Amino acid sequence: MTGGAGFIGSHLVDELVERGKVVTVIDDLSTGKISNLSVSSRVKLVVGDVGDPSAVRRVMRGVDQVVHLAAVASVQASVENPLQTNRTNLVGTINVLKEAAEAKVSKFLFASSAAVYGDQSLARGSALDERSPLAPTTPYAIDKLAGEQYLAFFHTTGQLEGSAFRFFNIFGPRQDPTSPYSGVISIFNERISRGLPVTVFGDGEQTRDFLFVGDLVKLLADGLEMRTPAHTTLPRVNLGSGVPTSLKQLIGHLASIYQVEPVVNFQPARTGDIKHSLADVTALKQLFGPRQFTPVKEALRALKALTGV
């Protein structure tokens, strides 16, 4: 697993170990942490860079399945230094695909992003499905879409059996609230729990599709066991809850959980911020069957318990 010491990756490592898998993690620890990984004989950490083909080749020996999560996830970093982020987000992806194909792995999962849809203006309650227009507007999103296309090449030519999953707003424990790219839940949870004010850009009626990381990793682990025969169209699937939550609702949930009345500072909406983002999860349900995802408020209570905040 690339990026396995990060927020999402470390939770997926836990899930796979619980299912009896042996997991080799490659992570450069630029954002991932050794402390995120459970101490287990089933987990091996290799500190390395997916931008380095030789490092990827070494960790691919004896590997049967690959989950590619490693990325510079900061949109702003990609805008400020597209060459540097491209080395990880696209060149690194090509390195991992090439070495996985040569190692003849049986399954390859790629973590893509809802960012590939761009800043589409949706009416409240409207959802993006996998046939929606693709209009990436940042180097990060462009690299993610290109990564999908490269995987499609390896998949349709029979070199790999792959799936691309477009993540929406994932949240949960181990998400760093001090990071400028952390999700709004991580930031709001940390500030409201400490009695600090929160800042909302816009009117707070903007909505997002939040999916708890515990639900996400179960989907990914199940995805490793599904057959998606090569020489066919690459499966590209939204991973979200299909339920919109406004920022005002989010603040209300956290206020109730921590029994506080947070101070909310409303600031003008930022240029380019989208009003509504929601996943159409029809394809997800077709692939995985009916799913019950953790409601946001319930997941926030679990987050409080798990983080000890």
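Since every read-out is calculated from the coordinates, none of them should be taken as a lab result. Computed from a predicted model, the values in this text were never measured in an experiment. Counting neighbours? That spans all protein chains shown, and the Cβs are built from the backbone with ideal geometry, glycine included.
Relative to its residue count, region 84-200 spans a Cα convex hull of 145 Å³ per residue.
What the Cβ-Cβ distance of Lys275 and Asp176 gives, at R0 = 25 Å and to the nearest 0.05, is a FRET efficiency of 0.40.
Suppose the Debye formula is applied to equal point scatterers at every Cα of the chain; what is log10 I(q)/I(0) at q = 0.15 Å⁻¹? For the requested q values the scattering log ratios are -1.27.
Could you tell me the calculated FRET efficiency between Ser106 and Asp52, based on Cβ-Cβ distance and R0 = 25 angstrom, to the nearest 0.05? Once the sixth-power term is evaluated, E becomes 0.55. Listing Tyr150, Tyr117 from fewest to most neighbouring C-beta atoms within 10 Å gives Tyr150, Tyr117. Here the average projected area of the convex hull drawn through the C-alpha atoms of region 182-289 stands at 8.6 nm². If the cut-off is a Cα-Cα distance under 13 Å, which aspartates and glutamates reach Lys304, setting aside same-chain residues fewer than 8 apart in sequence? In chain and number order, the partners are Glu190.
Relative to the globular-protein estimate of 2.2 N^0.38 Å, the Cα radius of gyration of region 227-309 stands at 1.51. Between region 1-60 and region 127-194, what is the separation of their alpha carbon centroids in Å? Cα centres, region 1-60 to region 127-194: 18 Å.
Checking the cross-link pairs Lys248/Lys285; Lys107/Lys297; Lys107/Lys144; Lys44/Lys297 against a 23 Å limit on the alpha carbon distance flags Lys248/Lys285; Lys107/Lys297; Lys44/Lys297 as lying beyond it. Per-residue extension of 0.36 nm, minus the Cα-Cα distance of Asp129 and Glu18, leaves a gain of 36.8 nm for this segment. The ranking of Lys144, Lys275 from fewest to most other beta carbons within 10 Å of each one's beta carbon is Lys275, Lys144. Dividing the convex hull volume of the alpha-carbon atoms in region 1-122 by its residue count gives 119 Å³ per residue.
Of Val260, Val50, Val96, the residue with the greatest mean-square motion in the GNM of the chain, using alpha carbon springs below 10 Å, is Val260. When the Cα gyration tensor is reduced to axis lengths a ≥ b ≥ c, the ratio a/c is 1.5 or higher for region 113-182, and with a/b not above b/c it is classed as oblate. Between the amide H of Ile170 and those of Leu211, distances stay under 5 Å, these residues lying 5 or more places away or on another chain, with hydrogens modeled in the peptide plane.
Between rounded, prolate and oblate, where does region 197-249 land on the alpha carbon gyration tensor, with a ≥ b ≥ c its root eigenvalues, rounded for a/c under 1.5, else prolate if a/b exceeds b/c? Intermediate results must be reported in sequence, preceding the final value.
Numbers: a/c = 4.37, a/b = 2.56, b/c = 1.71.
Here region 197-249 falls in the prolate category.
Mind grabbing the base-10 log of I(q)/I(0) for region 1-66 at q = 0.23, 0.27 Å⁻¹? Debye formula, identical points on the C-alpha positions, no solvent, two decimal places. So the normalised log intensities are -0.94, -1.25. Placing a pseudo-label 7 Å from each Cα along the Cα-to-Cβ vector at Gln259 and His231 gives an inter-label distance of 6.4 nm.
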